[in-house]
Amino acid sequence: MLIRYLDQRILYYRTREPDALQKIEHATAQIGDDLWKVVRGVARDKPTPITSLVVSGMNDVLNSQGYTEAAWLNRIPVSAWCLMIVIAFFSSLMQGYGARTKSAKAALLLVLPMTISLSLALIADIDSPRGGLIRVPPQNLHNLETALKR
């Protein structure tokens, strides 16, 4: 059951489709409930220090899903986006104002706006883990999968 739970968690990171995501969340919740019932039943039948350690470990496994979801939902606030855009605007404005001399190169005028726009695009991409171009694989889950399937 733990390997099935792990497989569902890895699928959760890989999928981008809302329908598949809903099915994965449902399957993960079902397997998590089943795991908890098994551990709880053993803990009730044989209350030993080892079973309490198993219960604690299973609690940590199931809590890690909640922590991951909370981290994915914790996005950059709108006020921070507004501040970054205002800083970008005034930085570009100051560069344009300073470049009104004859010695200013046209190519150099594009450096700051391009740098700022790429930085904001990178921040936006990182802020949307399921929809961006940058995909970070759950390496810790892959390592665990390899260890469990040996």
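Charging the Cβ of each Asp and Glu at -1 and of each Lys and Arg at +1, and nothing else, the dipole of the chain about its Cα centre rounds to 400 debye.
Label positions at S119 and K105, each projected 7 Å from the Cα along the C-beta direction, are separated by 2.1 nm. With unit charges on the beta carbons (Lys and Arg positive, Asp and Glu negative) and the dipole taken about the Cα centre of the chain, which residue among S91, L2, G131 sits farthest to the positive side? Checked the options; the winner is S91. Put a dot 7 Å past the Cα of L93, heading toward its Cβ, do the same for D127, and the two dots end up 2.1 nm apart. Only alpha carbons enter this Debye calculation for the stretch 42-146, each as an equal point scatterer, and the log10 of I(q)/I(0) it gives at q = 0.12, 0.13, 0.18, 0.24 Å⁻¹ is -0.68, -0.73, -0.99, -1.26.
Extension gain for the segment H142 to V86, taken as residue separation times 0.36 nm less the Cα-Cα distance, is 16.1 nm to one decimal. Taking the charge dipole of the chain about its Cα centre, with +1 at Lys and Arg Cβ atoms and -1 at Asp and Glu Cβ atoms, the residue from Q30, V111, V78 reaching farthest to the positive side is V111. Computed about its Cα centre, the charge dipole of the stretch 1-73 is approximately 200 debye, with only Lys, Arg, Asp and Glu carrying charge at their Cβ. Taken one residue at a time, the phi angles of the stretch 69-79 give Karplus couplings (6.51, -1.76, 1.60, θ = phi - 60°) of 5, 5, 5, 6, 7, 7, 9, 5, x, 4, 4 Hz. Gly and Pro are set to x.
Read the figures in this text as sums done on the coordinates, not as results from a lab. On a predicted model such as this, the values are computed, not experimentally measured, just so you know. Quick reminder, even Gly has a Cβ in these numbers, built from the backbone with ideal geometry, and neighbours come from all protein chains shown.
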